[in-house]
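Worksheet for the structure shown next.
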Amino acid sequence: MVIIVEKNTKKHIFKKAKSFEGKTKDEKNTNNSGKLTKSLNRNITIFQSSFSNDDTVIFRKFQNQYSDKIKCCIIIIEGMTDIEHINRRVIEPLQNQVFQRPKSSVNLVDEVQNKVLPVNDVRQSTRLNEMIKAVCYGDTVLLLDGCDVALIISSRGWESRPISEPESGKVVRGPREGFTESIIKNVSLIRRKIKNPNLKFKLMELGKQTHTAICITYIEGIALDSILTELEQRLNRIDIDGILDSGYVQELIQDEPLSPFPTVGSSERPDVVVAKMLEGRVAIIVDGSPFVLTVPHILVESIQINEDYYNHFLFGSFNRFLRAASAIATISIPAVYLAIVTYHQEMIPTQLLISISASLEGVPLPTSLSLIIMMLIFDILREAGTRMPTAIGQAVNIVGTLVLGQAAVDAHLVSSPVIIVTAISGITTFMHPTMIESVVILRLVLIIAASFLGIYGYLIGVILILLHLLSIRSFGVPYMMGLTRLEEHDGQDSWIRAPWWSMTLRPKIIGARNQIRQTSRHNR
Amino acid sequence: MMTIKKSITVLLLISMIFTLTSCWNYKEVNQLNIVVGAAIDKGESNNYMLTVELIHVKGNADVNVSSEVMSIEGDTLLDAVRRFNSITGKRAYWAHIRVVIVCEDIASEDLSRVLGFFVEDAETRSDVFIVISRECKAKDILNADLFMENVVAETINRSLKNSKVLSEFQQASTFSVSKELKTNKKSVTIPTISLLPMDDKKATFINGTAIFKDNKLTAFIDGSETKTMLFLKNDIESGVIVTKYNDRNITLEILDNTTRIKTRIDNDVMTVNVLVDTQAAINEVERDIDFSDIDIIKDIEKLSEIQLVESMEGVIDKAKHYGTDIFGFTQKLYENHPKKFRQIENLGEVEFRNINVDISVKVRILNSGEVSKL
Amino acid sequence: MIRERITDKEATCLLILFLLGSSILVGIGVRAKNDAWLAGILGVVFFIPFALIYARIQSIFHGRDIFEITILLYGKVFGRILIIIFSWYSFHLGALVLRNFCEFVHVESFPETPLIVITLCFITINIAAARSGIEVIARIATFCLPVVIILFLLMEILSISTMDFNNIKPILGNGFSKVADVGFSSFSFPFAESVILLGVFYTLKKRESAVKVYMKGVLAAGIVLITLTLVNIFVLGNMIEDYYFPSYASFSFIKVGDFIQRMEGTIAISYVLTSFIKSSICLFVACKGIAAVFNLNHYKFIVIQTGLIMAYFSLILYDNIEEMVDWFQNIYQFYAIPFQIIFPLFIWVCAEIRNRSEKRDQSGKGKKGV
């Protein structure tokens, strides 16, 4: 993998990241007053005590070659900083340039900031906390002898992954770039697509220990204020020590934490996120996670895939329909099979009944139990396959297919129709990867329901699921929006994908602020 | 503490779902004995002797289907049905039954008692084919030898489904029979089945019709009479008519037939006009006849018309003799003239005998097979 | 609490499914045999004036539920008595529908399963629905209606081959008086049962939508029911009155080739959906009524209790299915008169008088002002 060093341009935006009140409190671990002194050596000691037992912190002392009086020290953390940049733009001018030490110490800082350092992002600071934090972020603190003011020079630059095609949601047609772990890159990926001053980025910081930067992105004039304020409220409410992935945030701002259905969307692809922002959604970028969250997230989005919009609309609609049908099939097929085979045998044609009866000969487990066990084994295989390296993953597959497919039937452990049902249900699961979590649970629930009241049990289960789906909301938007009411423009982008020239309006409620997507249909 | 208590409660509830429910109507397919055919005879000690044909499935990958026949007696049918459990150990499953065979003796006593079980029980479907065994026990039919099939009931089922090819017997299901029994304006007709000796084997053979008055079997008519009856009921699609022309047998294959029935009630006189319009093709001729001659065709048409009218009159006379309206004329009269019919009915004069039937037949020969001269 | 709102379309779906609930199961006007469809038409015709009355009540007091209206018109004491009567009817009807459906499941599919188990399973979804509120029920109705209609159309098309169109003859064979008699019973079951929806339609958005919803809903449900009755007659003929569940029986004859047969299990989906909607609405309205009688802040606290009592009540209603059928065919139409005819008339007349006098007052004031 190519590793590039990220340039420190545009990093000034992070200075604006407001730290939350109360979160800086635990940073007051130093036993001093929190102010610098005029002595360089004492200042260095203050910093050394703050960073005690941390050997990655570098204190580099040097002086100007023309004037002995100008002594400096830079404090950086190895690995977080763009060393080359500091060497060339900070140490070199300070060492080699001729400049006079002004009378007062404050002026020296100004002199250095204004005349010496060819760096775009430098600021002065007197607060120790701020400096320590800056060092932690990868910025450089420049201490000057005789000054109680230090300079913070932006120098963040750590090694990160280049933009590459994401593993999830592969496309045949469509952009192949994906988000990375770096929030800067992610922001630039979005900005590159929407070249418009209405695109807004709001920065925040979450995590008492990790200080993870997160960024709320939306298009002003399209996104609803109510959703924005609700989102900000929920984000402000978060009180957690660390955020390692956007999954943390996702779970913490969910509407229905107990529901198996996700009410916050996530994607690894800029085109998907931008398309959702254009419909009025708000995106949340979390530093360190290539998955960008979007809210509100409704059920239809689980069957909407970016490629639908890039292909011919008929093909897109057909794929959409297949996805919707398989979503229903994957949770229903095992339960319906179980219901019919164990309760409603009269519905099976005689020939089929005979062959099912034959396949059950000698199988000790009841159908319901064997179906549950097979579904569990399938889920185990799926889980094992995803975590394994590719080579071992194949071995898992072979074992799975051989052991479960052939041997289990030959050994009369399960009947062959159960294997077929499991396989169909399993394959259709992968039609909508974002739904796997909910599908796995619902499938089991429906199997259990069907195992004790047949098709009626299954229907009761389905009605309960529907009731749940209809009663939940995501940031005030009904979760089933677009699927129940098929009026005018609502149905254009749900069960089918209408041609682009006819989709003149944004989805209702989400895009309520500015409904017009196209003013006319003349481009038809 | 609360959470522990709660989780224990939930666990208990879930375990109760599994242990206390999920058993009443849960039945595994391989624990069922699939019944495909049933035969009902008079029992020796009890009322009924029920014989069933059960599907016997062997093998796991290569399914091997065969059938087994067994009999048991009972006071009622359900009584007998339940007794099977104690023989086979598995529950008899009636939802896939194909055919019910009722023996002559039971049919001549009371058919509706037998039908009750099949129509009322939720498990049995109500549109099962029903046949009457003639000159043998119903049980023997299920024990008949098999030709090219391995299930007797399936053989009977197939021949009944293809009844239109021959038109010498009709279809009757438990539902249609009980429906006709209820109207009491139409006599029930059920196909008859008998055993046909073939070398040293015995094959099932469906032919002819059993005629019921009210719910008692009164008479049988044979295959050709059945065909005539089907002509009158507008229930014929194909079949053959054999006529004689100059001492030669000519076979006409029926291509299409429409029978229109017009009813009239004038001054308490009920008249039924039957207009038969048959399209046929000449199919099998014994010796050469020149069919390019239109007059010959005309003659053949005439002859076959006369022949049809004669046979129809014969069947109607027979039906009138037994007092059974197997053609549904009375029902037609009631449907078309409910008020006048009621008046006559109140006078007690609705008898099949009193209905005048006028028949006019039109046979049209459309072609003569593949060649004009034979 | 946010005020619940349902659109006209949702309300229409709700009304259609409500009218179809359990009437598609036991059939309408089966006592008239092959004239049942005429009885159905008569039922719709009889009902239309009453539909207008129901709609009128709702549009005079737009945005208020029937309980507020009753208390407004008849004061706290007598109004509460009327509310008790109305809630009782809703409760009883819910139990009837529940029993009807559970009896169907019991007879046709699960003869060995105790009725109480089936009833408890079904009351669970009713309770869940009633607790989620009328908005959710309305949305689930828009979801269910296409399923129900498509299933019926499919079944009706497939059963064409099993139909005998002569079964419909003779028309009016048993005389008009019989049809009129049965027509009245099909007025009270299912059409006039929609009086219950007065407890639901306070959520309508516009004042004039009540009339539209009632007319559209009743006509649509009438068409569906009458078509279904015709299909039953064509398939079953004079046997129609022998079946407890005629449409289930008539769809059981469907055969497409050798493979697709015994399709009636599929139609059970429609029965579940319609009965579920109907009994959920009844439970919802009953709970609202009880909450109004006892001045409770919110009906949601009593849904579970009322639901369980309803389930138990449905179990003790009849001893067996014959009793149930007898009740539905012979007694119900008379039992329902006070709730379906007298109660709404009471409210309507009083409402009109009040409305007139208010208008007069207003116009009088207006004149003075000028």
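The values are calculated or read from the model by the stated rules, or taken from the named source; none is laboratory data. Because the structure is a prediction, the values reported are computed rather than measured. Using ideal geometry, Cβ is built from the backbone for each residue, glycine included, and neighbour counts are taken over all protein chains shown. SASA here: full protein model, heavy atoms, side chains in, ligands and nucleic acids out. Shrake-Rupley method; radii C 1.70, N 1.55, O 1.52, S 1.80 Å.
If the requirement is being touching a Cys at 6+ places or on another chain (Cβ under 7 Å) and within 24 Å of C:Lys216 (Cβ to Cβ), which of these qualifies: C:Leu73, C:Leu52, C:Leu93? So the residue among C:Leu73, C:Leu52, C:Leu93 that is touching a Cys at 6+ places or on another chain (Cβ under 7 Å) and within 24 Å of C:Lys216 (Cβ to Cβ) is C:Leu93.
Tallying residues that are at negative phi, in a loop (DSSP other than H, G, I, E, B) and within 14 Å of chain A (Cβ to nearest Cβ) within region B:29-75 yields 4.
Within the set A:Ile284, A:Ile240, the sole residue that is touching a residue at least 24 places away in the same chain (Cβ under 8 Å) and either under 22 Å from A:Ala512 (Cα atoms) or touching a strand residue (DSSP E or B) at 6+ places or on another chain (Cβ under 6 Å) (or both) turns out to be A:Ile284.
Against the conditions (1) over 14 Å from A:Leu442 (Cβ atoms); (2) more than 14 Å from chain B (Cβ to nearest Cβ), A:Ser332 satisfies every one except (1). Here C:Tyr335 meets the list (1) hydroxyl-bearing (Ser, Thr, Tyr); (2) open to solvent by less than 30 Å² (accessible area, probe 1.4 Å); (3) at pLDDT 90 or above almost entirely, failing just condition (2).
The set of residues from region B:307-340 being within 14 Å of chain C (Cβ to nearest Cβ) and in contact with a strand residue (DSSP E or B) (Cβ under 7 Å, 6 or more places away or on another chain) comprises B:Phe329, B:Lys332, B:Leu333, B:Asn336, B:His337, B:Lys340. Within region C:216-230, being touching a residue at least 60 places away in the same chain (Cβ under 8 Å), within 16 Å of the chain's Cα centre (by Cα) and open to solvent by 10 Å² or more (accessible area, probe 1.4 Å) holds for C:Lys216, C:Leu219, C:Ala220, C:Val224, C:Ile226. Within region B:78-91, not a single residue is buried (at least 18 other Cβ atoms within 10 Å of the Cβ), modelled with pLDDT of 80 or more, assigned to a loop (DSSP other than H, G, I, E, B) and more than 14 Å from every other protein chain (Cβ to nearest Cβ).
Checked against the criterion of being in contact (Cβ under 8 Å) with a residue 12 or more places away in the chain, in contact with a helix residue (DSSP H, G or I) (Cβ under 8 Å, 6 or more places away or on another chain) and more than 14 Å from chain B (Cβ to nearest Cβ), the candidates A:Ile356, A:Ile377, A:Ile372 yield just one match: A:Ile377.
Among the residues of region A:114-121, at least one is surrounded by 15 or more Cβ atoms within 10 Å (Cβ to Cβ), touching a residue at least 12 places away in the same chain (Cβ under 8 Å), in the same structural domain as A:Lys71 (by TED's automatic domain parsing) and out of contact with any Lys or Arg (no Cβ under 9 Å at 6 or more places or on another chain). Of all residues in region A:335-351, those that are within 14 Å of chain B (Cβ to nearest Cβ) and either of a type in the set (S, T, N, Q) or within 19 Å of A:Ala423 (Cα to Cα) (or both) total 10.
Can you give me the number of residues within region B:163-179 that are out of contact with any Phe, Trp or Tyr (no Cβ under 8 Å at 6 or more places or on another chain) and away from chain C (no Cβ under 13 Å)?
Count: 7.
Looking at B:Leu115, is it away from chain A (no Cβ under 14 Å), at pLDDT below 85 and under 14 Å from the mean Cα position of the chain (by Cα)? Criteria met by B:Leu115.
Mind telling me which of the residues C:Phe18, C:Phe110, C:Phe104, C:Phe78 ends up being buried (at least 20 other Cβ atoms within 10 Å of the Cβ) and either under 30 Å from C:Arg354 (Cα atoms) or more than 14 Å from chain B (Cβ to nearest Cβ) (or both)? Even if it seems obvious, please write down each step before you answer.
Working: C:Phe110 fails: either under 30 Å from C:Arg354 (Cα atoms) or more than 14 Å from chain B (Cβ to nearest Cβ) (or both); C:Phe104 fails: either under 30 Å from C:Arg354 (Cα atoms) or more than 14 Å from chain B (Cβ to nearest Cβ) (or both); C:Phe78 fails: buried (at least 20 other Cβ atoms within 10 Å of the Cβ).
None of the other options fit; the residue is C:Phe18.
Open to solvent by less than 10 Å² (accessible area, probe 1.4 Å) and free of Cβ contacts under 8 Å to residues at least 60 places away in the same chain: is that true of A:Leu293 in this structure?
yes
Inside region A:422-468, residues that are buried (at least 21 other Cβ atoms within 10 Å of the Cβ), within 13 Å of chain B (Cβ to nearest Cβ) and at negative phi make up a count of 11. Only residues that are buried (at least 18 other Cβ atoms within 10 Å of the Cβ) and away from every other protein chain (no Cβ under 14 Å) were counted across region C:156-183, and they come to 3. The conditions of being touching a helix residue (DSSP H, G or I) at 6+ places or on another chain (Cβ under 9 Å), at pLDDT 85 or above and within 14 Å of chain B (Cβ to nearest Cβ) are not met by C:Val147. Among the residues making up region A:35-68, those that are small (Gly, Ala, Ser), exposed (fewer than 14 other Cβ atoms within 10 Å of the Cβ) and under 25 Å from A:Met80 (Cβ atoms) are A:Ser49, A:Ser52. When region C:231-260 is filtered for residues that are within 14 Å of chain A (Cβ to nearest Cβ), surrounded by 20 or more Cβ atoms within 10 Å (Cβ to Cβ) and not hydrophobic (A, V, I, L, M, F, W, C), the ones remaining, listed by number, are C:Tyr248, C:Ser252. With the structure loaded, tell me whether B:Asp235 is under 17 Å from the mean Cα position of the chain (by Cα), open to solvent by 10 Å² or more (accessible area, probe 1.4 Å), in the same structural domain as B:Asn283 (by TED's automatic domain parsing) and in contact (Cβ under 8 Å) with a residue 12 or more places away in the chain or whether it fails that test. Yes: the conditions hold for B:Asp235. Determine if region A:86-103 includes at least one residue that is farther than 23 Å from A:Gly157 by Cα and charged (D, E, K, R). Yes.
Within region B:170-184, can one find any residue that is buried (at least 18 other Cβ atoms within 10 Å of the Cβ), in contact (Cβ under 8 Å) with a residue 24 or more places away in the chain and part of a loop (DSSP other than H, G, I, E, B)? Within region B:170-184, one or more residues are buried (at least 18 other Cβ atoms within 10 Å of the Cβ), in contact (Cβ under 8 Å) with a residue 24 or more places away in the chain and part of a loop (DSSP other than H, G, I, E, B). Only residues that are under 15 Å from B:Ala281 (Cα atoms), free of Cβ contacts under 8 Å to residues at least 40 places away in the same chain, open to solvent by less than 60 Å² (accessible area, probe 1.4 Å) and under 23 Å from the mean Cα position of the chain (by Cα) were counted in region B:238-265, giving 1.
Mind listing whichever residues of region B:128-153 are within 14 Å of another protein chain (Cβ to nearest Cβ) and either open to solvent by 30 Å² or more (accessible area, probe 1.4 Å) or at pLDDT 90 or above (or both)?
Within region B:128-153, B:Phe129, B:Glu149, B:Asn150 meet the criteria.
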